[in-house]
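The values are calculated or read from the model by the stated rules, or taken from the named source; none is laboratory data. Since we're looking at a predicted model, the values are computed, not measured. Note that each Cβ is placed from the backbone with ideal geometry, even for glycine, and that neighbours are counted across all protein chains shown.
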Amino acid sequence: MLIKVKPDWQISENEVTSKSIYKARRSFLKAGSATLAGIAINPSFKVEDKDRVHTKEELATSYNNFYEFSLDKGEVRKKVEGWKLAEDWKVEVTGLTEEKKTYGVEELIKLAGGEEERIYRFRCVEAWSMVIPWDGFSLEKLLAKLKPKATAKYVVFQTFNDHKIGTNMSSLPYYPWPYTEGLTMEEARNPLAFIATGMYGKKLPKQNGAPLRLVVPWKYGFKSIKSIVKIEFTDQQPKTLWNELANNEYGFYANVNPTVDHPRWTQASERILDGKFFPTRVPTLMFNGYEKEVAGLYKGLDLKKNI
């Protein structure tokens, strides 16, 4: 008899949401391709910490960082309304890989073995947090199919670079567009790394980075690049938008060490976006609560610095 042991970070989705929402989300996933995954609830959490898993969909889809459209988080949802998302969205895969070509979204999903759901903590460097049920696929599984060469040390992701779509880009000419993010190959191959295609059992909204966004649950939210159009494998540490714009504030690794403050505010605690006028504050967890799964990726680095 085969006994499948769940990883420590995984919980059943019906433990963190209502039965009606649970059933609605499950109907979205394709038969035969869905698996459950999630977050581990630290037993030392207080009751209010467990409540953080109930982030409302309306809140998560209306409080968005997407500077290509607006600096105002509450305005992004309105600003994307005029954007007609291409049905044949393409992603260029290039660099040090044996599978250098352009893929459609469905092709990438198929390569990765289909979609699944994962419920992850999501934390911003601005010290606010949510917990979101994502639909998508394993980055690790996708990379195995894309066959990066042994010389590839990093994987780079790029957002669209079209000022007609990103209507706020021209207002920020000093930003090094297009939006670019990067991971080491070891980070990208970690089982927690994920490419989201949906959330709350629905297709990914435009304001949340449709049709494809990166989800790296142990890092700050700015590492979750949106609307991906390019994946590149390289042997050089890439320049990323925030690191290039303000390298004294945003290191390449963006490790979540609560003892290391952002130069302009503390990271020791975070505000749970729960719709309250005075949001609940809780202590920030090392690596956003995924220390056991990812700490080994950073051996030899000085985590007491902004790296």
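Remarks
- For the stretch 158-178, the set of residues classified as surrounded by fewer than 17 Cβ atoms within 10 Å (Cβ to Cβ) and part of a loop (DSSP other than H, G, I, E, B) consists of N161, D162, H163, K164, T167, L172, P173, Y174, Y175, P176, listed by residue number.
- The residues listed here are E117, E99; of these, the one that is of a type outside the set (F, W, Y), over 21 Å from W83 (Cα atoms), at pLDDT below 95 and touching a helix residue (DSSP H, G or I) at 6+ places or on another chain (Cβ under 8 Å) is E99.
- Positions within the stretch 93-123 being surrounded by fewer than 18 Cβ atoms within 10 Å (Cβ to Cβ), of a type in the set (S, T, N, Q) and in contact (Cβ under 8 Å) with a residue 60 or more places away in the chain, in sequence order: T94
- Close contacts from the stretch 266-285, counting a first residue that is modelled with pLDDT of 95 or more and a second that is aliphatic (A, V, I, L, M) and exposed (fewer than 15 other Cβ atoms within 10 Å of the Cβ), with Cβ to Cβ under 7 Å and a gap of 6+ residues or different chains, come to P283/A268; T284/A268.
- Reported count of residues in the stretch 66-107, each being assigned to a helix (DSSP H, G or I) and more than 18 Å from W134 (Cα to Cα), is 5.
- Positions within the stretch 193-245 being charged (D, E, K, R) and over 19 Å from V93 (Cβ atoms), in sequence order: K202, K203, K206, K219, K223, K239, E244
- When S129 is tested against (1) outside any strand (DSSP E or B); (2) farther than 21 Å from V105 by Cα; (3) small (G, A, S), just one condition goes unmet, and that condition is (1).
- Qualifying residue in the stretch 108-126 (condition: hydrophobic (A, V, I, L, M, F, W, C), in a strand (DSSP E or B) and over 23 Å from N243 (Cα atoms)): yes
- Residues that are under 30 Å from W265 (Cβ atoms) and in contact with a Gly (Cβ under 6 Å, 6 or more places away or on another chain) were ranked within the stretch 124-157; the one that is surrounded by the fewest Cβ atoms within 10 Å (Cβ to Cβ) is C124.
- Filter pass, Y298 being under 25 Å from G209 (Cβ atoms) and surrounded by 13 or more Cβ atoms within 10 Å (Cβ to Cβ): no
- Residue check: E68 meets all listed conditions (1) under 19 Å from the mean Cα position of the chain (by Cα); (2) free of Cβ contacts under 8 Å to residues at least 24 places away in the same chain; (3) surrounded by 19 or more Cβ atoms within 10 Å (Cβ to Cβ) but one, namely (2).
- Restricting K223, K219 to those that are free of Cβ contacts under 8 Å to residues at least 60 places away in the same chain and closer than 22 Å to L143 by Cβ reduces the list to K223.
- Matching residues, the stretch 34-65, being buried (at least 19 other Cβ atoms within 10 Å of the Cβ), modelled with pLDDT under 50 and assigned to a loop (DSSP other than H, G, I, E, B): G38, I39
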